[in-house]
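Asks: To start, I am sharing the structure in question, which I have written as structure tokens.
The values are calculated or read from the model by the stated rules, or taken from the named source; none is laboratory data. Since this is a predicted model, take the numbers as computed values, not measurements. So basically every Cβ, Gly included, is an ideal-geometry build from the backbone, and we count neighbours across all protein chains shown. Each accessible area value is taken on the protein alone, full model and side chains, heavy atoms only, with ligands, DNA and RNA left out. Shrake-Rupley method; radii C 1.70, N 1.55, O 1.52, S 1.80 Å.
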Number of protein chains: 2
Amino acid sequence: MGLSIAWQAALDGVSVTVVDPSPGGGASHAAAGMLAPVSEVAYTEEPLLRLGVDSLARWPAFAARLAEATGHDLDLRAEGTLDVAFDADDLAALHELSTFMAKLDLPVERLTGRECRRLEPMLAPSVRGGVLASGDAWIDPRRVVRALLAALSGLGVPVVRRSVAGLDTGDDGVRGVRLAGDESPATIPARQVVLATGAWSGTLAGVPPEVLPPVRPVKGQIMRLRSPVPVLSRCVRGTVRGSAVYLVPRGDGELVLGATQEELGFDTRVTAGGLWELLRDARELMPGITELEVADVVAGLRPGTPDNLPVIGRSALPGLILATGHHRGGVLLAPLTADLVVRLLAGDTTDDHPCSPSRFKDSRT
Amino acid sequence: MGLSIAWQAALDGVSVTVVDPSPGGGASHAAAGMLAPVSEVAYTEEPLLRLGVDSLARWPAFAARLAEATGHDLDLRAEGTLDVAFDADDLAALHELSTFMAKLDLPVERLTGRECRRLEPMLAPSVRGGVLASGDAWIDPRRVVRALLAALSGLGVPVVRRSVAGLDTGDDGVRGVRLAGDESPATIPARQVVLATGAWSGTLAGVPPEVLPPVRPVKGQIMRLRSPVPVLSRCVRGTVRGSAVYLVPRGDGELVLGATQEELGFDTRVTAGGLWELLRDARELMPGITELEVADVVAGLRPGTPDNLPVIGRSALPGLILATGHHRGGVLLAPLTADLVVRLLAGDTTDDHPCSPSRFKDSRT
């Protein structure tokens, strides 16, 4: 998120410095990269859906510009998401959801189990049916991060690979960013600071607690498998006995299984139970994964918010802009968030966006 | 195996050179380190059991001498193995086996499910019963490898970290070991060579095929979990719906889950299915593992033989001694094998051992 904003801001002529001890090492490293506002939709989350659809529409141009600037292949694919159901209860829930999607004029199509397997022959015979969200896409977040770093480097944007100790503030608001580390403590002067530290956005020294966003870490574990040949043509999501799982194919034969959702604080341990849950559900949908090599297992922390909407906008501290709380949608929502933040940096003062931090004001008093 | 033999031979005054591109990087790296001849026993495998009991008796002195020579802690523990059954069929099979063990005068004791949980409170309530093999022990094979390397270094034994291209032979038998690598091809002259290359022992250039042992790779996948506190007091083996699994605790809180048995040739990929199988069965015996961190997943290749007995003795090629084919028992059988090979190196010419390579002569013609 921070790198996307920095890149867009730099393109807009803003003087930017990125401070991050490990750029791309947060949730992006564990993200599957689904750009799937439609298949991600849940009842009552229409505002989030609208944001996702808006941001998805910005992705092709964002990705094309990034690829052009860097020569990197981002593995952006747009073959849609196939959402499948394992048992009758899973199917009933999926059909209810597809009715809701259709009412919102989203491009969804109900399929029988046989039709699902015609699209994806590796699916289990037991798959009962599904819904194809043909507008959904996906991308490789690790490639995006590498490309963004290359693009920033190309624009001469400094990336300071150090931790932030806190903000320097005065009566007039933000004055700069204090770097951590005993060897050479330093402050980077800045009148505007964008806080895009994901699950850690709720903790920043030098800022009154009521200014910080109500973000909590939501742990996700993923498993990256490797196949000599691609095993899926599109993203497959599934509900197996009420438990959600997804399988995201990459162009190089990699298959990402994800993801757990765990409320355990700042815990990034890969656990036996997390892997078991992923394998149990993914195997039910696609038994053939058992033959695939395990390339990597990773846990990351999503920045969750009370209403599942991100927090994008000016904070109560002058000069501090928040761009966090994207929960499961950080990759999807990056282009939209970057555009919104660039407008704020340029002086936009409207505050009527559904993601505005001010919506939490009442709950804090 | 090779390092154990080299160490014992060097102590015996033999001039030794170890050639291995990655000492300890073979099956030892993936081994759990159970010294469990009794709980490993299967019907009709009495000769293997006798070897195991013999070698287990040599372990305390072997380990004490190694620890004394190096100051390394090998984490040798002797609290026994608890073999548990998940369902009634598993229990019936376990009881039959315990009757067989008792007939052989092995120290085994039948326990109820409740008695098993009294010994190991983390066991699942569903565990039906078990058998305690109180004489079994276990050790950390990676520590043993590190200690052996230190001991060899202390004795001035060269460890050449290069691959072997083949043997140099003449009319009178072995003349040396040819090293691989274009940069500086070289031959280490030797009138006696011990072939201890595990699953790869069946392939060695410069040796007539009928001289090489009938060894095949048997893949095993393990998972190493990490716990803040020890979760088991002893090794637990189990049979879950006919499928075998073990859990080996280390002093530092590590818990090793193993191991698959797969006949897939020289395939060392960690697979989704392998991890799934381990987690599925281990969870049934000890649900609490789901909370533990995954430290490592590894696959190794055991050297299997047609009769499950190792191949230890002089080959048909003068000067070539075989010490391989230890299958699931390499760690257990290391002290015995080292002692046998040291005797052969010293000129022992008896050939009536059950592990003698000559037992395969007939089947080769």
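Asks: For segment B:269-292: of the residues being touching a residue at least 40 places away in the same chain (Cβ under 8 Å) and not in a helix (DSSP H, G or I), which is nearest to the chain's Cα centre (by Cα)?
Replies: B:VAL270
Asks: In addition: Whether any residue in segment B:101-108 is surrounded by 13 or more Cβ atoms within 10 Å (Cβ to Cβ) and over 16 Å from B:ASP136 (Cα atoms) is what I want to check. Spell out how you get there, then give the answer.
Replies: The initial filter retains those residues of segment B:101-108 that are surrounded by 13 or more Cβ atoms within 10 Å (Cβ to Cβ), namely B:101-102, B:104, B:106-108.
Now narrow it down to the ones that are over 16 Å from B:ASP136 (Cα atoms): none.
No: zero hits.
Asks: Looking for something within 30 Å of A:TRP7 (Cβ to Cβ), surrounded by fewer than 19 Cβ atoms within 10 Å (Cβ to Cβ) and either in contact with a Gly (Cβ under 7 Å, 6 or more places away or on another chain) or of a type in the set (Gly, Ala, Ser) (or both) - is there at least one such residue anywhere in segment A:111-134?
Replies: Restricting attention to segment A:111-134, the residues satisfying the condition of being within 30 Å of A:TRP7 (Cβ to Cβ) are A:133-134.
Now restrict to residues that are surrounded by fewer than 19 Cβ atoms within 10 Å (Cβ to Cβ): A:134.
Remaining after also requiring either in contact with a Gly (Cβ under 7 Å, 6 or more places away or on another chain) or of a type in the set (Gly, Ala, Ser) (or both): A:134.
Yes, segment A:111-134 has at least one match.
Asks: Now for a separate question. Test B:LEU91 against the criterion of being surrounded by fewer than 23 Cβ atoms within 10 Å (Cβ to Cβ) and in contact with a Gly (Cβ under 8 Å, 6 or more places away or on another chain), and give yes or no. Before you say what the answer is, go through the steps one by one.
Replies: Values: surrounded by fewer than 23 Cβ atoms within 10 Å (Cβ to Cβ): yes; in contact with a Gly (Cβ under 8 Å, 6 or more places away or on another chain): yes.
Judged against the criteria, B:LEU91 is a match.
Asks: Here's another thing I want to ask about it. Could you list, in sequence order, all residues of segment A:311-339 that are closer than 17 Å to A:THR350 by Cβ, surrounded by 24 or more Cβ atoms within 10 Å (Cβ to Cβ), touching a strand residue (DSSP E or B) at 6+ places or on another chain (Cβ under 8 Å) and of a type outside the set (Gly, Ala, Ser)?
Replies: Across segment A:311-339, the qualifying residues are A:VAL311, A:ILE312, A:LEU322, A:THR337.
Asks: Quick one: which helices (runs of 4 or more DSSP H) sit completely within segment A:1-88 and have at least 3 residues that are surrounded by fewer than 19 Cβ atoms within 10 Å (Cβ to Cβ)? Before the answer, list the steps.
Replies: Working: elements: A:2-11, A:27-30, A:46-70.
Correct list: A:46-70.
Asks: Checking A:LEU167 against (1) touching a residue at least 24 places away in the same chain (Cβ under 8 Å); (2) assigned to a strand (DSSP E or B); (3) farther than 15 Å from A:SER315 by Cα: exactly one of these is not met. Which one?
Replies: The failed condition is (3).
Asks: Being outside any helix (DSSP H, G or I), away from chain A (no Cβ under 11 Å) and out of contact with any Lys or Arg (no Cβ under 7 Å at 6 or more places or on another chain) is true for just one of B:LEU255, B:LEU225, B:LEU204. Which residue is that? Outline the logic, then answer.
Replies: Values: B:LEU255 fails: away from chain A (no Cβ under 11 Å); B:LEU225 fails: away from chain A (no Cβ under 11 Å).
Residue meeting the stated conditions: B:LEU204.
Asks: Being within 20 Å of the chain's Cα centre (by Cα) and of a type in the set (Val, Ile, Thr) is the filter; apply it to segment B:214-240 and report the residue that is most open to solvent (accessible area, probe 1.4 Å).
Replies: Ranking the qualifying residues of segment B:214-240, first place goes to B:VAL215.
Asks: Would you confirm, using the coordinates I've provided, whether B:LEU247 is more than 9 Å from chain A (Cβ to nearest Cβ) and over 16 Å from B:LEU301 (Cα atoms)? Full working, then the answer.
Replies: Details: more than 9 Å from chain A (Cβ to nearest Cβ): yes; over 16 Å from B:LEU301 (Cα atoms): yes.
When the stated conditions are applied, B:LEU247 passes them.
Asks: So in segment B:268-304, with the set limited to residues that are of a type in the set (Val, Ile, Thr) and within 8 Å of chain A (Cβ to nearest Cβ), which one is surrounded by the fewest Cβ atoms within 10 Å (Cβ to Cβ)?
Replies: So the first thing to find is which residues in segment B:268-304 are of a type in the set (Val, Ile, Thr), and the list is B:268, B:270-271, B:289-290, B:294, B:297-298.
Filter once more, keeping what is within 8 Å of chain A (Cβ to nearest Cβ): B:270-271, B:289-290, B:294, B:297.
Numbers: B:VAL270: 19, B:THR271: 24, B:ILE289: 25, B:THR290: 17, B:VAL294: 23, B:VAL297: 20.
Step by step, filter segment B:268-304, then rank; the result is B:THR290.
Asks: Can B:ALA124 be described as in a helix (DSSP H, G or I) and either among the aromatic types (Phe, Trp, Tyr) or in contact with a helix residue (DSSP H, G or I) (Cβ under 6 Å, 6 or more places away or on another chain) (or both)? It would help to see each step written out before you state the result.
Replies: Numbers: in a helix (DSSP H, G or I): no; either among the aromatic types (Phe, Trp, Tyr) or in contact with a helix residue (DSSP H, G or I) (Cβ under 6 Å, 6 or more places away or on another chain) (or both): yes.
It is false that B:ALA124 is in a helix (DSSP H, G or I) and either among the aromatic types (Phe, Trp, Tyr) or in contact with a helix residue (DSSP H, G or I) (Cβ under 6 Å, 6 or more places away or on another chain) (or both).
Asks: Consider A:GLY258 against the criteria (1) touching a helix residue (DSSP H, G or I) at 6+ places or on another chain (Cβ under 8 Å); (2) open to solvent by less than 20 Å² (accessible area, probe 1.4 Å); (3) at pLDDT 95 or above: it satisfies all of them except one. Which criterion is unmet?
Replies: In the conditions (1) touching a helix residue (DSSP H, G or I) at 6+ places or on another chain (Cβ under 8 Å); (2) open to solvent by less than 20 Å² (accessible area, probe 1.4 Å); (3) at pLDDT 95 or above, A:GLY258 misses (3) alone.
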